[in-house]
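Participant: So that we are looking at the same thing, I have put the structure below in structure tokens.
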Amino acid sequence: MKAAIVMGSDSDFPIMKPAVDLLKEFGVEVEVTVASAHRTPDRVRHFVRQARQSGADVFIAAAGMAAHLAGVIASYTSAPVIGVPISSEPFRGLDALLSTVQMPSGVPVATMAVNGAKNAALFAIEIFAISDSSVKRKLLDYRSKMVDEIENKDRALKEKI
């Protein structure tokens, strides 16, 4: 299992690091690069082709502002592409969200929330879990831990009242 994460800028990495960490926690190999749909389109095309050849099954694309990166990647591959719109000024990520979510028919991109890196990783993990029972077990355990955390927080809150 391998996920390729492409960021439009290295300044996106602090937002995307939780995705990298979570994928690695689940045993997913991760390849990360910086490439711009507008400034380095040839680099994007080359990376997508190379990543597929080296085993990338899912792409996660993070970009702000015009945010065409996920769509450009989707045009070069039939592998699932997950878009993460990145918040930036002056529109706080709304521009990136709309650019990522408004894909034409035939070129799908799964779009996460603005700065939704962790959910992008979880969505990729869900894709891997379809065919890998060990990943599915880890995902079910992860979700079970989330339930436990909420129940513990609820108990702690009630004890304060």
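The values are calculated or read from the model by the stated rules, or taken from the named source; none is laboratory data. Treat the numbers as computed from the prediction; the structure is a model and nothing was measured. Glycine gets a Cβ as well: all are built from the backbone with ideal geometry, and neighbour counts include every protein chain shown. Accessible surface is based on the protein model in full, side chains and every heavy atom, while ligands, DNA and RNA are left aside. Shrake-Rupley method; radii C 1.70, N 1.55, O 1.52, S 1.80 Å.
Participant: Have a look at G83, A124, A63 and report the one farthest towards the positive end of the charge dipole of the chain, computed about the Cα centre with Cβ charges (Lys/Arg +1, Asp/Glu -1).
Facilitator: A124
Participant: Still on this structure, please answer the following. For the chain, what does -39500 (n - 2.57) per DSSP helix run (n ≥ 4), summed and divided by total residues, give at 222 nm, in deg cm²/dmol to the nearest 500? Intermediate results must be reported in sequence, preceding the final value.
Facilitator: On the way: 6 runs with 83 residues, N = 161.
It lands at -16500 deg cm²/dmol.
Participant: Specify the residue with the greatest mean-square fluctuation among G106, G55, G27, computed from a Gaussian network of the chain linking alpha-carbon atoms under 10 Å apart.
Facilitator: Answer for the Gaussian network model of the chain: G106.
Participant: Along the Cα→Cβ direction, 7 angstrom out, place labels at E151 and L94. What is the inter-label distance in nm?
Facilitator: Taking the two extended label points, one gets 4.1 nm.
Participant: Listed here are the pairs K2/K138; K17/K160; K118/K145; K136/K160; K17/K158; which of them are more than 26 Å apart at the Cα?
Facilitator: Details: K2/K138 16 Å; K17/K160 34 Å; K118/K145 16 Å; K136/K160 37 Å; K17/K158 34 Å.
Checking Cα-Cα distances, K17/K160; K136/K160; K17/K158 exceed 26 Å.
Participant: Order the following by accessible area, largest value first: I161, I82. Probe radius 1.4 Å; ligands, DNA and RNA are ignored. Walk me through the numbers before you get to the answer.
Facilitator: Numbers: I161 160, I82 0 Å².
Heavy-atom accessible area, descending, gives I161, I82.
Participant: Could you size up the charge dipole of the chain around its Cα centre, putting +1 on the beta carbon of Lys and Arg and -1 on that of Asp and Glu, and report it in debye to the nearest 20? Don't jump to the answer; show the numbers that get you there.
Facilitator: Values: 19 positive and 18 negative charges, 22 e Å.
The calculated dipole for the chain is roughly 100 debye.
Participant: Oh, and also: Which value results when the Cα radius of gyration for the chain is divided by 2.2 N^0.38 Å? Walk me through the intermediate numbers first.
Facilitator: Numbers: Rg = 16.8 Å, N = 161, 2.2 N^0.38 = 15.2 Å.
Working it through for the chain, the quotient is 1.11.
Participant: Relative contact order for the chain: what percent, with Cα pairs under 8 Å and sequence separation of 6 or more?
Facilitator: Details: 275 pairs, mean separation 34.7, N = 161.
Once divided by the residue count of the chain, the mean separation gives 22 percent.
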